[in-house]
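Notes to accompany the following structure.
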Amino acid sequence: MLNTIVIGATGYAGAELVSLLLRHPSTTPAALMGSSRAADEDRDLADLHPRFRGGPPLPVLPLDLEAVLALEPDAVFLATPHEASVEHGGWLHDRGVRVFDLSAAFRLESAAAYRRHYGFDHTRPDLLETAVYGLADLNASMIRDASLVAVPGCYPTSMILPVRPLVDAGLVDTSDPVLVDSTSGVSGAGRSARPHTSFCEVSLQAYGAFDHRHQPEMARHGAVDVLFTPHLGAYDRGILSTIHLRLAEGTCEADVRTVLSTVYADRPGVNLLPAGTWPSVAAVRGTNRCDLGLVVDATHGRLMISSAIDNLVKGAAGQAVQCLNLACGLPVDLGLTTASIPMAVAP
């Protein structure tokens, strides 16, 4: 059994990760720790997340990196704030620990990018070249040899999975920005209480148009200019992204479907739906699957893609487990083939 540790286990993504690791046949969490700002330490995880009631004790320990080393983990997952992940991830990496970071601490290309988009000074810019972007369905070969994996953001995952293969195949007119409009459930905003995510205030509204911190991540790893507008929806989990792009001259819908079907033929984490069938957040709830639907307007040479993921699974914890599987020589979908929570409706 692989020996794993989760730091930042009390947030939504951290708790989802714990749930997946408990069900994984080849690993178990040896310790759960709070983040550098957690007020939930020295409690059982079931007290904070009732879904764990009736299971084994899951004490959340105070953060102690020396104690992490003493446990000799095969991997450490960081579900911590960005700046904390820079500090903890760098410290652990320097001591030979394999790190999977669920924050954005190692996804961008330079310290300047973090000052601009995240508002902090990145103290380990040397690791930005070392870290491997953990988009498991496209970067498997790099993840297998990685010691520091930057697990992608939820919005970027929903966009890059359908778009990057088309860019690489030359089917996209990259002189025109890709337009991405995404709606996320409230869990994407984190577990901390905020007025705009309270029950009486949450609605459907845009925010962060064209300057959201995930836009540069989409552009860098999608290899195309992006204009991104996120929306907050009045539901708990799931992302639906609507993506508009201009196709290269002479490209038809059959070309698009052939590329995506070929790239993802042996990748269970991405599912291209038949023509006329569209993804929904209900259908991917609790799964590690990205469902894709698409249509081409031949008159204008435009492609519209609809992409649905569960932001806490495919957009965070599930993709982190995919990366663990790849790095440890296990089947990429091990422990991820069933929904982590009961489905609201049949997929």
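Where a number appears in this text, it was derived from the coordinates with a stated rule and is not lab data. Keep in mind that this is a model prediction, so the values were computed, not measured. Cβ atoms come from the backbone with ideal geometry, glycine included; neighbour counts cover every protein chain shown.
Sorted largest first, the spans of the alpha carbon positions of the range 89-145 along the three principal axes are 31, 27, 17 Å. Remark: spin-label model distance residue 111-residue 70 equals 3.4 nm, labels positioned 7 Å along the Cα→Cβ axis. Structure remark: mean-square fluctuation, Gaussian network model of the chain, C-alpha springs under 10 Å; the largest value among 335, 208, 134 belongs to 208.
Semi-axes of the range 2-130's equivalent ellipsoid from the Cα gyration tensor, sqrt of 5 times each eigenvalue, largest first, rounded to whole Å?
26, 16, 12
The Kirkwood hydrodynamic radius of the range 1-65, based on inverse pair distances between different Cα atoms, is 11.6 Å. In the range 318-340, which residues have a backbone nitrogen under 11 Å from the label point lying 7 Å from residue 144's Cα in the Cα-to-Cβ direction? Within reach of a label on residue 144, which here means backbone N under 11 Å from a point 7 Å along Cα→Cβ, the range 318-340 contributes 326-330.
Which value does Rg/Rh take for the range 245-347 over its C-alpha atoms, Rh per Kirkwood? In the range 245-347, Rg relative to Rh is 1.03. Normalised by the number of residues in the chain, the mean separation of alpha-carbon contacts (under 8 Å, six or more apart) gives a relative contact order of 17 percent. Of interest is the spacing of the C-alpha centroids, which for the range 258-301 and the range 1-78 amounts to 33 Å. Computed packing ranks the peptides 9-19, 311-321 as 311-321, 9-19, most packed first, by mean other Cβ atoms within 10 Å. Beta bridges assigned by DSSP with both partners in the range 2-130 are antiparallel in approximately 10 percent of cases.
Largest mean-square fluctuation among 83, 66, 109, in a Gaussian network model of the chain whose springs join Cα atoms under 10 Å apart, belongs to 66. May I have the pair-distance distribution P(r) for the chain, computed from all Cα-Cα distances with 20 Å bins from 0 and rounded to whole percent? Each 20 Å bin holds this share of Cα pairs: 32, 60, 9, 0.
Only beta bridges with both residues in the chain are counted; by DSSP, about 45 percent of them are antiparallel.
A cut-off under 15 angstrom between Cβ atoms defines the neighbours of residue 70, and their net charge, with Lys, Arg +1 and Asp, Glu -1, is -3.
Its convex hull of Cα atoms gives the range 205-256 a direction-averaged projected area, equal to a quarter of the hull surface, of 5.0 nm². Across the range 1-62, the relative contact order, built from alpha-carbon pairs under 8 Å that are at least six residues apart, equals 34 percent. With a Förster radius of 35 Å applied to the C-beta separation of residue 120 and residue 280, the computed FRET efficiency comes to 0.45. Its Cα gyration tensor gives the range 154-309 an equivalent ellipsoid. The semi-axes, each the square root of 5 times an eigenvalue, are 28, 17, 13 Å from largest down.
Rounded to the nearest 20 debye, the dipole size of the range 1-148 about its Cα centre is 380 debye, using +1 on the Cβ of Lys and Arg and -1 on the Cβ of Asp and Glu. Of all the options 270, 180, 167, the one that moves most in a Gaussian network model of the chain with Cα springs shorter than 10 angstrom is 167. Within the range 75-120, the proportion of C-alpha pairs whose separation exceeds 14 Å stands at 45%.
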